[in-house]
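Some notes on the structure that comes next.
The values are calculated or read from the model by the stated rules, or taken from the named source; none is laboratory data. Here the structure is a predicted model, which means the values were calculated and not measured. Here Cβ is always computed from backbone atoms with ideal geometry, including for glycine, and neighbour counts include all displayed protein chains. These area figures cover heavy atoms from the full protein model, side chains too; ligands, DNA and RNA do not enter into them. Shrake-Rupley method; radii C 1.70, N 1.55, O 1.52, S 1.80 Å.
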Amino acid sequence: MSAREQRTRASPPYRPDPDGTHPPLDSPGYRSTALRHPVRRPLTLPQSVTEITGPVLGEGRIGERDNDLTVQHPGEPIGQRIVVHGRVLDGDGRAVPNSLVEIWQANAGGRYRHDADVWPCPLDPNFDGVGRTLTDEHGRYEFTTIKPGAYPWKNHHNAWRPAHIHFSLFGRSFTQRLVTQMYFPDDPLFDQDPIFNSVPEAARSRLVSRFDMNRTTDHWALGFEFDIVLRGREATPFEDDDHDH
Amino acid sequence: MTTSSTLPSTPSQTVGPYLHIGLTWQDGPFVVPEGTPSSVWLRGRVLDGAGEPITDALVETWQCDEHGRFAHPEDPRSAEIDSGFRGFGRSDTRSGEYGILTVVPGRVPDRTGVPQAPHVDVSVFARGMLHRVVTRVYFADRPEANAADPVLSTVPRDRRQTLLARPSADGYTFDVHVQGEYETVFFDV
Ligand SMILES: [Fe+3]
């Protein structure tokens, strides 16, 4: 088989997500979408080698303390210490190993260390709110951080974002790229949040982490579990997708 | 093959207004290292439906090298790639435009073996966008390859120019119109 034939035949494409998975880009309740959603229907892009490959990142990009947001400064940040952990899986339940996970979040009072965030809540000198890690060979990741606070925004009168952590995932292909937000169980602010509620109702629970007593550590930290699922692949008629040698 | 039930994907959410603290990398723009002889800057604005530049967007690019090789294990020729070629670029738009230092990619086949024109896959994220949008950059100075490209040929003729990067002083310019009269062609991938 020539290299070209190999490249053409190998590696099945990724399955499309069914309707009802992601929020519509045109979500009027979230006012900023008004001028920021395409009006025309997207065209279908058949997945060529460009789409089934993607950046392989991480080695050399992860610092020793990048997965512990509570030890990045001389002092400890203020707030509820938590461990957020889970697995990155594909739609067939297979682990996505050695894959970059990036997070960013507000501090315990709901303020980001960002020059555009000016609401009157103090910054925490001991908290940047930025983390990154690589999934292990079983697709597992873990961060130690503090529980972010809710914060106000201008979408509507008395609008508050429920506490959340922003997650960025690369998976193994351009097709699997995902940016999302992780929420906390039973947040009373869900009902009035147009960003959370932009997601079709049946899918919303997939954005909410689970309180995890097993990972809650005595006299140290509360545990939360958040598994992330990236698109799985079409079935392949021949077993040729073992590239891990 | 074993049968397995499928898991539904985690839904997308917006990057929000504070994406820069998490997603800006100092070396983000460098698909190829600075000083690479044939490197070019790919620059452009991301514009909203009122024609205003979006300054809280993130543009990410993915492409093969000049010889059509991807820095990824599923490309059988990935081992031949120069170290330093990452294939991936990432730039915010705080200055009013994004900028990626890259090379014009080589040609790679589609699934049926038809050669595609040189192209760069692009994701755009922003506050006010609940999901990324995906488009492709083609190069206006490669008209013959573009005319034979199997993806471009599915794009209505009068919209193809929205996918063309045009030569500029230090490389190419490619604006993304998220909405409006000149709305860029976006793809479901
Ligand atoms: Fe946020």
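Each part reduced to its alpha carbon centroid, region A:106-135 and region A:138-162 end up 10 Å apart. Between A:ASN214 and A:ALA116, the contour length at 0.36 nm per residue exceeds the alpha carbon distance by 31.5 nm. Between region B:154-172 and region A:57-80, the C-alpha centres lie 42 angstrom from each other.
Binning all Cα-Cα separations of region B:19-177 at 5 Å, short to long from zero, yields these whole-percent fractions: 2, 9, 18, 22, 20, 16, 10, 3, 0, 0.
The Kirkwood radius of the protein assembly as shown, taken over pairs of alpha-carbon atoms, gives through the Stokes-Einstein law at 25 °C and 0.890 mPa s a diffusion coefficient of 110 µm² s⁻¹. Other residues whose C-beta falls under 12 angstrom from the C-beta of B:GLY96 contribute a net charge of -2, scoring Lys and Arg +1 and Asp and Glu -1.
If R0 is taken as 25 Å, the Cβ-Cβ distance between A:ASN155 and B:GLN161 corresponds to a FRET efficiency of 0.10. Applying 1/(1 + (r/R0)^6) with r as the Cβ-Cβ distance of B:ALA148 and B:ALA79 and R0 = 22 angstrom yields a FRET efficiency of 0.15. For region B:19-177, a simple Cβ point-charge model (Lys and Arg +1, Asp and Glu -1, everything else neutral) yields a dipole of about 360 debye relative to the Cα centre. Element breakdown for the protein assembly as shown at a 1.4 angstrom probe: carbon and sulfur atoms account for 51% of the accessible area.
Shape analysis of region B:1-102 yields a ratio of the Cα radius of gyration to the Kirkwood radius, Rg/Rh, of 1.08. Taking the inverse of the mean reciprocal distance over all distinct Cα pairs, the Kirkwood hydrodynamic radius of region A:31-177 comes to 17.5 Å.
When the helix-only estimate is applied to chain B (DSSP H runs of n ≥ 4, each -39,500 (n - 2.57), divided by the residue count), what is the mean residue ellipticity at 222 nm, nearest 500 deg cm²/dmol?
Roughly -1000 deg cm²/dmol at 222 nm, from the helical runs in chain B.
Its alpha carbons give chain A an Rg and a Dmax of 19.8, 65 Å.
In square angstrom, what is the accessible area per residue of region B:19-177 with a 1.4 angstrom probe?
37
A loss of 50 Å² or more of accessible area (1.4 Å probe, protein heavy atoms, ligands and nucleic acids excluded) relative to the isolated chain is seen in these residues of region A:159-187: A:PHE174, A:ARG177, A:VAL179. Between the C-alpha center of region B:9-70 and that of region A:169-213 there is a gap of 24 Å.
In terms of packing, defined here as the mean over residues of other Cβ atoms within 10 angstrom, the peptides B:137-149, A:210-222 line up highest first as B:137-149, A:210-222. Distance between the pseudo-spin-label points of A:GLN80 and A:GLU137 (7 Å out from Cα toward the beta carbon): 3.6 nm. Between A:LEU189 and B:GLU34, the FRET efficiency from the beta-carbon distance, with R0 = 60 Å, is close to 0.85. Summary of packing: across the peptides A:40-47, B:60-67, B:172-179, the per-residue average of other C-beta atoms within 10 Å ranks them, highest first, as B:60-67, B:172-179, A:40-47.
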